[in-house]
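First the structure, in the form of structure tokens, and then the observations on it.
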Amino acid sequence: MTILVVGSVAYDSIETPFGSRRETLGGAATYFSLAASYFAPVQVVAAVGEDFGEEPVKLLRSRGIDLRGLTKLPGETFRWAGRYEFDLNTRTTLETRLGVFATFEPVLPEPYRAPEFLFLANIDPEVQMRVLRQVRRPRLVGCDTMNFWIEGKPQALAAMLAEVDMLVINDSEARELAHQPNLVRAAAAIHAMGPKTLIVKRGEFGAAAFGAAAPFAVPALLLEEVQDPTGAGDSFAGGMMGYLAAHVSGGAITDSAMRRAIAMGCVMASFTVQAFGVDGLLHLTMERIEERFEQFRRLSHLELA
Ligand code: AMP
């Protein structure tokens, strides 16, 4: 089943304790679609500027990603710069330059208008909403956002959240959105805003899900080498939605399918953080992905006495 994603396609400048990259391919929709492309066909809606090169387009196409919805507009590609501290859990945003996204009015190509799965990756909630308005009701609508939009466009964000099934968000942002330091209470407040399912990304500590079933939490893989956490959250969402699109046919999405999807999200995020930018997502095989999924399963498996 096809996944449609809207979100930033960007040039990122990243500093971590282990190195730095300037103007490397990034963006929420980029990481999401690369991760999801291992499981399902992906269609992207985004805008880039005249400065966007042919190389990144080739790279995304090489993963079979449908770019008919990637519009080149006069102006500059979205730019983001960030720096990570020693433990990689603390990130400071140094710059966010919206460029062509400041005025982007997406118009979806006809073949994009009936996706089974829709992911509104991190970008202006007004852009997310415009995309949502142009599709026939998908089976599952997920979304992400961040402090930049929680603080900058609270009303547009609230309107968008009222119409989605699932929110996938960082723990600090869940607390900020709900005005509530306790995650369990924050989850209840977020359910009241619209999304029936809340997935909280907890960086190096994994993820937690709050929905109709009892809460569910997983660790992150314990990796010896982590280079750059940028895009981990988007790769998580891409792995998770990709898994659902590939494995759930007809009927409801069961709690156990959701749990496996979350585990696959952690697996795809683990590949991303091991290299700079999108490099960790470029040359994977299903065999490596499945091997790591098994490693993940063993990480927290508990035998009864
Ligand atoms: P993550 O590390 O998963 O939070 O995602 C990092 C990616 O999000 C980077 O590639 C950025 O280009 C992108 N990004 C950063 N800030 C924003 C924003 N305000 N809106 C949309 N995308 C953003």
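Quick one: which of Ala217, Ala275 is more than 13 Å from the ligand (Cβ to nearest atom), in a loop (DSSP other than H, G, I, E, B) and not charged (D, E, K, R)?
Numbers: Ala217 fails: in a loop (DSSP other than H, G, I, E, B).
Of the residues listed, the single one that is more than 13 Å from the ligand (Cβ to nearest atom), in a loop (DSSP other than H, G, I, E, B) and not charged (D, E, K, R) is Ala275.
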### Message
Of the conditions (1) at pLDDT 95 or above; (2) loosely packed, with under 14 Cβ neighbours inside 10 Å, Arg137 satisfies every one except a single condition; which number is it?
### Response
(1)
### Task
Identify all residues within region 79-98 that are within 12 Å of the ligand (Cβ to nearest atom), surrounded by 12 or more Cβ atoms within 10 Å (Cβ to Cβ) and modelled with pLDDT of 95 or more; write none if there are none.
Arg79, Trp80, Ala81, Gly82, Tyr84, Thr93, Leu94, Thr96, Arg97, Leu98
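Does Ala178 satisfy being modelled with pLDDT under 95, surrounded by 18 or more Cβ atoms within 10 Å (Cβ to Cβ) and of a type in the set (A, V, I, L, M)? Before you say what the answer is, go through the steps one by one.
Values: modelled with pLDDT under 95: no; surrounded by 18 or more Cβ atoms within 10 Å (Cβ to Cβ): yes; of a type in the set (A, V, I, L, M): yes.
Taking the combined requirement at face value, the residue does not satisfy it.
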### Query
Which of the residues spanning region 1-41 are closer than 22 Å to Leu73 by Cα and more than 14 Å from the ligand (Cβ to nearest atom)?
Leu4
### Task
Return yes when Val48 is within 26 Å of Leu284 (Cβ to Cβ), part of a helix (DSSP H, G or I), away from the ligand (no atom under 11 Å from the Cβ) and not polar (S, T, N, Q) and no when it is not.
no
### Query
Between a first residue in region 22-43 that is within 21 Å of Gln128 (Cα to Cα) and a second residue that is part of a strand (DSSP E or B) and within 11 Å of the ligand (Cβ to nearest atom), which pairs have beta carbons less than 6 Å apart while being 6 or more apart in sequence or on different chains?
Gly26/Ala10; Gly26/Asp12; Gly27/Ala10; Ala29/Ala46
### Summary
Note: among Val107, Val184, Val164, Val200, just one is surrounded by fewer than 14 Cβ atoms within 10 Å (Cβ to Cβ) and under 21 Å from Arg259 (Cα atoms), namely Val184
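Which residues, counting only those in region 91-132, are more than 21 Å from Trp80 (Cβ to Cβ), touching a Pro at 6+ places or on another chain (Cβ under 7 Å) and in a helix (DSSP H, G or I)? Quick ask: steps written out before the conclusion?
Of all residues in region 91-132, those more than 21 Å from Trp80 (Cβ to Cβ) come to 105, 107-118, 129-130, 132.
Still in the list and also touching a Pro at 6+ places or on another chain (Cβ under 7 Å): 115-118, 130.
Arg130 - this is the single residue of region 91-132 that is more than 21 Å from Trp80 (Cβ to Cβ), touching a Pro at 6+ places or on another chain (Cβ under 7 Å) and in a helix (DSSP H, G or I).
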### Long-range neighbours under 6 Å by Cβ, at least six apart or interchain, first residue closer than 22 Å to Cys266 by Cα and touching a residue at least 12 places away in the same chain (Cβ under 8 Å) within region 148-175, second hydroxyl-bearing (Ser, Thr, Tyr) and more than 13 Å from the ligand (Cβ to nearest atom)
Met166/Thr197
### From Met268, Met258, residue being more than 22 Å from Thr90 (Cβ to Cβ) and within 14 Å of the ligand (Cβ to nearest atom)
Met268
## Note on the structure
Those residues of region 99-125 that are over 17 Å from the mean Cα position of the chain (by Cα) and within 12 Å of the ligand (Cβ to nearest atom) come to a total of 4
### Message
Please go through (1) buried (at least 24 other Cβ atoms within 10 Å of the Cβ); (2) part of a strand (DSSP E or B) for Thr30 and return the number of the only condition it doesn't satisfy.
### Response
(2)
### Query
Filtering region 140-158 down to residues that are away from the ligand (no atom under 16 Å from the Cβ) and closer than 18 Å to Arg175 by Cα, which residue is surrounded by the most Cβ atoms within 10 Å (Cβ to Cβ)?
Ala158
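The values are calculated or read from the model by the stated rules, or taken from the named source; none is laboratory data. Not measured: the values here are computed from a predicted model. Reconstructed Cβ throughout: ideal geometry from the backbone, glycine too, with neighbour counts over all protein chains shown.
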